[in-house]
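Where a number appears in this text, it was derived from the coordinates with a stated rule and is not lab data. Because the structure is a prediction, the values reported are computed rather than measured. Ideal geometry is used to build each Cβ from the backbone, glycine not excepted, and the neighbour counts take in all protein chains shown.
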Amino acid sequence: MTRAELLRRVQAADFAAHDAALFLDTHSRDTQALNYYHKALAQAKHLREQYTALFGPLTREDVTDKNHWDWINEPWPWERGE
């Protein structure tokens, strides 16, 4: 999978989780929506971890190296032109 493909998957999973959260703001007792939210959130987390392992951090919170600040080693994800 290419960097651009994986980034699109991360964005789609983040969008799904965010959209479900907005729905839950007005339908807080909808257990099906809550289950969907948790599934989407877990998928987004998994994809973000996969992206970080392969291509580096997407956000400052994804920096994993305790001895080196690798957040700015490469162009920002949106500067890659993919």
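Under unit Cβ charges (Lys, Arg +1; Asp, Glu -1), what dipole magnitude, rounded to 20 debye, does the chain have relative to its Cα centre?
The calculation lands at about 200 debye.
Looking only at ASP30, ASP19, ASP62, which one moves most when the chain is put into a Gaussian network model with springs between Cα atoms under 10 Å?
ASP30
Rounded to the nearest 500 deg cm²/dmol, what is the calculated helix-only ellipticity per residue at 222 nm for the chain, with -39500 (n - 2.57) per DSSP H run of length n ≥ 4?
On the way: 2 runs with 49 residues, N = 82.
Here the helix-only value at 222 nm equals -21000 deg cm²/dmol.
Tell me, how many Å apart are the Cα centres for region 42-73 and for region 12-31?
Here the answer is 25 Å between Cα centres.
ALA33 to ALA21: extension gain in nm, 0.36 nm per residue of separation minus the Cα-Cα distance?
Here the answer is 3.5 nm.
Given DSSP loops and a limit of at most 10 other Cβ atoms within 10 Å, what is the longest stretch of the chain that contains no such trypsin sites (Lys or Arg not before Pro)?
30-65
In whole percent, what relative contact order does the chain give with Cα contacts below 8 Å and a gap of six or more residues?
With pairs under 8 Å counted, the relative contact order is 26 percent.
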